[in-house]
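The structure appears below as structure tokens.
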Amino acid sequence: MPLLDGLRVVMSAIHGYGVVTTRPFRAGEVICYGDGVLYRQDEDFDDTYALILPVEDSGLPGEDFFWDLADQTRWFNHSCAPNSDVRSNWDHEAGVPRAWWVALRDIAVGEEITYDYAFVAEAAEVCACGAATCRGLIVDDDPAELAKLPDELRAHLRIPAARAAS
């Protein structure tokens, strides 16, 4: 696995491993491109480090695809107040997706790279990001997704109850 320029894997205060910057990044700058292995939704694999990619852009039939990250991007942690955004598109010529992370704001040397995982309700889990705006759960804050949360997870939400119950 080649090292990504400007990034270093460390133990994270958020969760397990994390990735910090070894140089500054400016808002709007591409932090890195990710690499991975493509799996169809019905294949057996560990999706712990996978991005879910919609099939619409692929031109391929079937369900969503999973891009199992196979480089340091697999250790980018979630934050409810992220400093980066993951973007993707299909490289139709190569028949694979491309994923990259863009800085949402200036990122200083030594700062951990984070993005919002925005899990669907069925995959939601308790959040430990520590952000002042932490939702309490790693979940998409769309009211339709929040309404699907089971009661035991809903108790962890730190957003207005009216929004969560919509």
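The values are calculated or read from the model by the stated rules, or taken from the named source; none is laboratory data. Computed from a prediction, not measured in an experiment: that's the story for all the values here. Backbone-built Cβ (ideal geometry, glycine too); neighbour counts: all protein chains shown.
Limited to the range 97-112, what total is found for residues that are modelled with pLDDT of 90 or more, out of contact with any Pro (no Cβ under 8 Å at 6 or more places or on another chain) and either assigned to a loop (DSSP other than H, G, I, E, B) or of a type in the set (A, V, I, L, M) (or both)?
Within the range 97-112, residues that are modelled with pLDDT of 90 or more, out of contact with any Pro (no Cβ under 8 Å at 6 or more places or on another chain) and either assigned to a loop (DSSP other than H, G, I, E, B) or of a type in the set (A, V, I, L, M) (or both) number 5.
Evaluate the range 134-143: report whether one residue or more is within 28 Å of Tyr17 (Cβ to Cβ) and acidic (Asp, Glu).
Yes; the residues of the range 134-143 include at least one that is within 28 Å of Tyr17 (Cβ to Cβ) and acidic (Asp, Glu).
Working only within the range 105-126, note down all residues that are in contact with a Phe, Trp or Tyr (Cβ under 9 Å, 6 or more places away or on another chain), crowded, with 18+ Cβ neighbours inside 10 Å and not charged (D, E, K, R).
Answer for the range 105-126, where residues must be in contact with a Phe, Trp or Tyr (Cβ under 9 Å, 6 or more places away or on another chain), crowded, with 18+ Cβ neighbours inside 10 Å and not charged (D, E, K, R): Ile107, Ile113, Thr114, Tyr115.
Among the candidates Ala123, Ala94, Ala132, Ala118, which residue alone is modelled with pLDDT under 95 and closer than 18 Å to Ala155 by Cβ?
Answer to the selection: Ala123.
Give all pairs with beta carbons closer than 9 Å in which a residue from the range 112-132 that is in contact (Cβ under 8 Å) with a residue 12 or more places away in the chain meets a residue that is of a type in the set (Val, Ile, Thr) and loosely packed, with under 14 Cβ neighbours inside 10 Å; count only pairs at least 6 apart in sequence or on separate chains.
Final answer for the pair search is Glu112/Val10.
Are any residues in the range 137-161 in contact with a strand residue (DSSP E or B) (Cβ under 7 Å, 6 or more places away or on another chain) and either in a loop (DSSP other than H, G, I, E, B) or touching a residue at least 40 places away in the same chain (Cβ under 8 Å) (or both), and if so, which ones?
Ile138, His156, Leu157 - these are the residues of the range 137-161 that are in contact with a strand residue (DSSP E or B) (Cβ under 7 Å, 6 or more places away or on another chain) and either in a loop (DSSP other than H, G, I, E, B) or touching a residue at least 40 places away in the same chain (Cβ under 8 Å) (or both).
Considering only residues that are touching a Lys or Arg at 6+ places or on another chain (Cβ under 9 Å), part of a loop (DSSP other than H, G, I, E, B) and of a type in the set (Gly, Ala, Ser), which ones fall in the range 61-96?
Residue satisfying the conditions is Gly62 alone.
Would you check which residues across the range 7-37 are out of contact with any Cys (no Cβ under 6 Å at 6 or more places or on another chain) and outside any strand (DSSP E or B) and list them?
Within the range 7-37, Ser12, Ala13, His15, Gly16, Thr22, Arg23, Pro24, Arg26, Ala27, Gly28, Glu29, Asp35 qualify.
I'd like the full set of residues that are free of Cβ contacts under 8 Å to residues at least 40 places away in the same chain and either in contact with a helix residue (DSSP H, G or I) (Cβ under 9 Å, 6 or more places away or on another chain) or closer than 17 Å to Ala70 by Cα (or both), limited to the range 87-104.
Passing the criteria: Arg87, Ser88, Asn89, Trp90, His92, Gly95.
Do we have any residue at all in the range 113-126 that's more than 24 Å from Arg8 (Cβ to Cβ) and part of a strand (DSSP E or B)?
Yes, the range 113-126 contains at least one residue that is more than 24 Å from Arg8 (Cβ to Cβ) and part of a strand (DSSP E or B).
With the checklist (1) farther than 19 Å from Gly18 by Cα; (2) at pLDDT 80 or above in hand, flag the one item Asp71 doesn't pass.
(1)
May I ask you to verify whether Ala81 is within 30 Å of Asp151 (Cβ to Cβ), modelled with pLDDT of 95 or more and of a type in the set (A, V, I, L, M)?
Criteria met by Ala81.
Looking only at the range 23-51, count every residue that is within 17 Å of the chain's Cα centre (by Cα) and at pLDDT below 70 and tell me the total.
5
Can you run down the residue pairs with Cβ atoms below 6 Å, 6 or more apart or on separate chains, where the first is in the range 6-18 and farther than 14 Å from Asn83 by Cβ and at pLDDT 95 or above and the partner is among the small types (Gly, Ala, Ser) and in a strand (DSSP E or B)?
Val10/Gly18
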